[in-house]
Amino acid sequence: MAKQVTILDVAAEAGVSRQTVTRAMNDMAGIREDTRQKVLAAAERLGYRPSRFARNLVTRHKTHAVGLVVASFRNPYYTDIAADMLQAFGERGWQIMIAASQGEASDDLDLLSTQVDVVIGHFDGSDADLLEASRGLPVIRLESRSDTPGVHSVEIDIESGIIEAIDALRARGARRLGMVDSSYSARHGGAYEPSPRRGWFEEHVGEQLSGVVVGEESISGGGRAFAELMERHPDTDAVLMFNDLMALGAVQNAHAIGIDIPGEVRIVGVDGLALGEAVDPPLTSIALDREGLAASAMDIVEELAKTNFARIEPMHRSVRSKMLWRASA
């Protein structure tokens, strides 16, 4: 386990007392400017991040803060998660700072690392990269798993929801099932990599698989990909879309190309967005428990607070999904 840099390490590096480091880091009076700069330079060299807990002792404020990195404000799934997080943490007296992930995760973590006690978000990078970028700040990954001390995780069990959906579609008469997967990996400069959702779908569908195409994670991208799937595999009578945003496009495009939903083809999304009520027919979806996601993250954060946010063995929580049946399937 990596050793966490302490205020005593900074004091030794700068050749001053612990009290002097406290005054310098908290911009307090009674310290010469050249001494303050020497302390700050030592802290920078060592990668020292002042504990918000320690700052609270100095300033007499006893609030905690969490940083939330939102993957995209263009996808309502992530904004709904942000709303649930705001409510969950607000009810327990936590402050929350939100950053929009527009580039590298390291930029978001660097921005938040001195302002909050822990950072939560959907991150693509490795655990080691996240810890380096956060300067030792605890990180909670959403919808992925970590086995690294200091990086914790909350997963959503989407696989069981996909299996439930496939079984129910078969019971409703589906015989040739297709899927539209996300082209996310290819869109970000790499080769296309099948999502875990595709793997679960193909494994459980087996010989009833009609085909799979990939599309952009947007309404228009979902619509185009659905049309491509139906053109390549016209015998398809049920489709799993990678997420609800793409499924909304599929329902819209079905009208345009004259396919009756659900008479000819049943469509299922993933997310359980309220926006699914806005299309005709309303969208059936594998609903993800966003409130459970927020509550599980809150649980991990409160456990971390008991340790003063030390780098401890990873904590892991799992949240189940469930079918939200509407008229599209």
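The fewest-to-most ranking of 312, 120, 156 by surrounding Cβ atoms within 10 Å reads 312, 156, 120. Within the chain, antiparallel bridges make up roughly 10 percent of the DSSP beta bridges whose residues both belong there. Dividing the mean sequence gap of close Cα pairs (under 8 Å, 6+ apart) by how many residues segment 7-48 holds gives a relative contact order of 42 percent. Shape analysis of segment 70-192 yields a ratio of the Cα radius of gyration to the Kirkwood radius, Rg/Rh, of 1.05.
Taking the longest Cα principal axis of the chain as reference, the axis of helix 290-306 is set at about 20 degrees. Could you tell me whether segment 158-288 comes out rounded, prolate or oblate from its Cα gyration tensor? Rule is a ≥ b ≥ c as square roots of the eigenvalues, rounded for a/c under 1.5, then prolate if a/b exceeds b/c, otherwise oblate. Cα axes put segment 158-288 in the rounded bin. Using a Gaussian network model of the chain in which every pair of alpha carbons under 10 angstrom is joined by a spring, one finds that among 194, 281, 314 the greatest mean-square fluctuation is at 194. The slack in the chain from residue 291 to residue 147, taken as 0.36 nm per residue of separation less the alpha-carbon distance, amounts to 49.4 nm. The phi torsions of segment 316-328, fed into the Karplus equation with coefficients 6.51, -1.76 and 1.60 and a -60° offset, translate into couplings of 9, 10, 10, 10, 7, 10, 8, 6, 10, 7, 10, 7, 6 Hz, rounded to whole numbers, with Gly and Pro shown as x. Put in line by how crowded their Cβ is, counting other Cβ atoms within 10 Å and starting with the fewest, 328, 126 read 126, 328. 3J(HN,Hα) along segment 43-48, derived from phi through the Karplus expression 6.51 cos²θ - 1.76 cosθ + 1.60 where θ = phi - 60°, amounts to 5, 5, 4, 7, x, 7 Hz, with x in place of Gly and Pro. Computed from Cα atoms, the angle from the helix 76-91 axis to the main principal axis of the chain rounds to 40 degrees.
A Gaussian network model of the chain, with springs between Cα atoms under 10 Å, assigns the largest mean-square fluctuation among 315, 97, 241 to 97. Under the criterion of Cα pairs below 8 Å and six or more residues apart, the relative contact order for the chain equals 16 percent.
Here's how it looks for residue 319: its modeled amide H is under 5 Å from those of 155, 156, 157, which are all 5 or more places away or on a different chain. Note on the chain: with a GNM built from Cα contacts shorter than 10 Å, the maximum mean-square fluctuation among 195, 296, 318 falls on 195.
Quick note: the coordinates plus some simple rules give every number you see, no bench work behind them. Keep in mind that what you see is a predicted model, and the values were worked out from it rather than measured. Neighbour counts run over all protein chains shown; Cβ positions are idealised from the backbone, glycine included.
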